[in-house]
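No lab work stands behind these numbers, since they all come straight from the coordinates. Keep in mind that what you see is a predicted model, and the values were worked out from it rather than measured. In this analysis, Cβ positions are derived from the backbone assuming ideal geometry, glycine residues included, and neighbour counts consider all displayed protein chains.
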Amino acid sequence: MPKYLNAPIQILWWTQDEIVPFIVCLVLGMFFDKFFIFLGIGILYMFLYSQYSKRFPAGVLQSIAYMVGFKNLKGLPVYYDKDFKE
């Protein structure tokens with residue numbers, strides 16, 4: 001049960017964006033019969049992501065994905081527009 005309404009969803013002490021790729025790695029490891037290799041990749045991802053997310057404010061990965069062009073944010077123009085008219 002989260003303490004605040006806008007608190008991120010947590011499973012044990014990991015946030016959702018840390019645990020979902022780990023679970024995906026576990027499923028892929030079972031599918032490809034390389035469980036321990038993908039388990040190591042998942043643990044490495046969780047460690048690197050947690051270290052990265054501690055250094056930057058919340059939502060920075062969405063901003064980077066928008067800047068690179070992988071994701072369009074609602075209500076914002078595409079990243080390569082120089083002139084924007086409302």
Worksheet item: Got a sec? Which residues in region 31-50 would a label at Gln16 touch, if it sits 7 Å along Cα→Cβ and we count backbone N under 18 Å?
Response: 50
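Determine, for each peptide in 23-29, 50-56, the mean count of other beta carbons within 10 angstrom over its residues, then list the peptides with the highest first.
Going by the mean number of other Cβ atoms within 10 Å, highest first, we get 23-29, 50-56.
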Item to complete: Can you tell me how much longer the chain between Phe32 and Leu5 gets when fully stretched, taken as 0.36 nm per residue apart minus their C-alpha distance, in nm with one decimal?
Response: 5.8 nm
Response to the item:
Checked region 10-68 with the C-alpha gyration tensor, a ≥ b ≥ c its square-rooted eigenvalues, rounded below a/c of 1.5, otherwise prolate if a/b is larger than b/c and oblate if not; verdict prolate
Worksheet item: How high is the relative contact order of region 10-68, in percent, with contacts defined as C-alpha pairs under 8 Å that are six or more residues apart?
Response: 27 percent
